[in-house]
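Here is the structure we will look at, set down as structure tokens.
The values are calculated or read from the model by the stated rules, or taken from the named source; none is laboratory data. If you're wondering where the values come from, they're calculated on a predicted model, not measured in any experiment. Glycine also receives a Cβ, built like all others from the backbone with ideal geometry; neighbour counts cover every protein chain displayed.
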């Protein structure tokens, strides 16, 4: 049997566009002789639709899309994810389900059993878990049809009671199919592949895994759908961060690809780069915006965001605004201008010296008798933020935030100043990763000026200022933060790893105290296993140090 794997980029609630894509994939697969085509989890409606799943009009549109797509399932069957109503009087009103469409109608429905409610997931808010599941029959095949998390029941601290695949294995399936909406992080693919391989061994059957691709504001889906043979070996791996349609053959008891599979090695930093490009591009396209604006200081972070935005949106759609103050160095201005020339983006120079001085003069009577401190530094940052927001308002450009994860973690940023923006492009990228990303962007030619990369980082808000005046060196800071955030270790365990105790205590205090700033920050493109935002929910006023 020839089976098509359809890896598509869905737009939440865009039923017309999504249905056209799905129907085209069905038609193309049918023309190439496929008898079955498999789509992703909740392809109908999009994932995550969040509280749209509580909207009756949205749900009616989902059901109407299923009916429309079913019309094209003649001579070919389709497995696709969709919300379906829970007809029981008890429990949540919906199931997250996989549908088998054939002969113009819904033939079978398999409801998701394991509903994730950790990190970015909140499926218990909307769906009722299926207490049990059985294999389905298609032609002469017994198929263990599962939905994403149903195969992740042994994943460490997120493990569940029971083992769905062990139960399904009792029916001796010929094939395992898992439809998924599995978000990207730079550590996730190997784990995902290992989980799927274990389920192949458990079920004693080959496996098809179809993930979606695309970005929905903060959450990015990498695709990389897979087919594994009965030994758990890769038969087919689909594209990263791109739509794709591929075919496999179920011959006898195993899966085979039309083309010999070649393992693709992906550098971690290359994956982060590609994820951010997709996240940026989809955010603008799906929001209906075209142009971006950002503040360009001559420092690494703003140069990095400018280069990424130019690649994702086109240099003609990016306005870089240089806003020198009395403390801005000549080399920073030159570095910023070199970046503009290298990328071809638009530029605007708006000096802030007089504006900042006017603020200080107005506040002078209220501040009489007090020495200058970070207040005056923040006035500079907020002046820049006000100018950028004015440009955004006037021209309809989306303001991109340029703060990195290291800064966001320790509160090294100014609310309503450099923390302003509609989207945080590198807010899940540590400073040490930002350097790697800059070098990766320069892999073929110099885009980010070399001086921007090698000079000591500075906010240039006072004479001779360097980041290291206020923070540990970034290689030390980021190593500690990784243990506290991604690994979720208490500070006592981080100290036990050999880090300096005073430094760990200081970094941990900064991390906890900056929660109120992160609460007001723009959404962040998620590329790590633990990004700030919905995946790391912390109270603002708790009195607890961990």
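Quick notes
- Lone unmet requirement of (1) in a loop (DSSP other than H, G, I, E, B); (2) within 31 Å of the chain's Cα centre (by Cα) for residue 369: (2)
- For the range 140-161, the condition of being crowded, with 20+ Cβ neighbours inside 10 Å, part of a loop (DSSP other than H, G, I, E, B), in contact (Cβ under 8 Å) with a residue 60 or more places away in the chain and touching a helix residue (DSSP H, G or I) at 6+ places or on another chain (Cβ under 7 Å) holds for none of the residues.
- Hits in the range 325-345 - residues which are touching a residue at least 12 places away in the same chain (Cβ under 8 Å), over 27 Å from residue 378 (Cβ atoms) and surrounded by fewer than 15 Cβ atoms within 10 Å (Cβ to Cβ): 344
- Within the range 313-331, considering residues that are touching a strand residue (DSSP E or B) at 6+ places or on another chain (Cβ under 9 Å) and part of a helix (DSSP H, G or I), the one farthest from residue 280 (Cα to Cα): 316
- In the range 315-325 there is at least one residue matching the filter, namely being farther than 17 Å from residue 344 by Cβ, at pLDDT below 95 and touching a helix residue (DSSP H, G or I) at 6+ places or on another chain (Cβ under 7 Å).
- Entry remark, the range 481-507: residues being closer than 13 Å to residue 536 by Cα and surrounded by 19 or more Cβ atoms within 10 Å (Cβ to Cβ) number 2 in total.
- Qualifying residue in the range 303-310 (condition: surrounded by 15 or more Cβ atoms within 10 Å (Cβ to Cβ), touching a helix residue (DSSP H, G or I) at 6+ places or on another chain (Cβ under 7 Å), assigned to a helix (DSSP H, G or I) and at pLDDT below 95): no
- Of everything listed in (1) touching a helix residue (DSSP H, G or I) at 6+ places or on another chain (Cβ under 8 Å); (2) in a loop (DSSP other than H, G, I, E, B); (3) in contact (Cβ under 8 Å) with a residue 40 or more places away in the chain, the single unmet condition for residue 199 is (2).
- Residue count for the range 518-546, restricted to those that are surrounded by 18 or more Cβ atoms within 10 Å (Cβ to Cβ) and over 15 Å from residue 218 (Cα atoms): 0.
- For the range 420-438, taking the residues that are in a loop (DSSP other than H, G, I, E, B) and touching a helix residue (DSSP H, G or I) at 6+ places or on another chain (Cβ under 7 Å), the one that is nearest to residue 350 (Cα to Cα) is identified as 420.
- Residues in the range 213-259 that are within 23 Å of residue 523 (Cβ to Cβ) and buried (at least 22 other Cβ atoms within 10 Å of the Cβ): 213, 214, 215, 216, 218, 219, 220, 221, 222, 223, 241.
So that you can scan it fast, the table gives a plain yes or no per residue for (1) more than 23 Å from the chain's Cα centre (by Cα); (2) crowded, with 24+ Cβ neighbours inside 10 Å:
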| site | (1), (2) |
| --- | --- |
| 173 | yes, no |
| 178 | no, yes |
| 188 | no, no |
| 193 | no, no |
| 201 | yes, no |
| 211 | no, yes |
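Okay, residues lined up against (1) surrounded by 17 or more Cβ atoms within 10 Å (Cβ to Cβ); (2) closer than 21 Å to residue 175 by Cα:
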| site | (1), (2) |
| --- | --- |
| 4 | yes, yes |
| 25 | yes, no |
| 29 | yes, yes |
| 54 | no, no |
| 103 | no, no |
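- So residue 417, is it at pLDDT 95 or above, within 20 Å of the chain's Cα centre (by Cα) and closer than 21 Å to residue 292 by Cα: no
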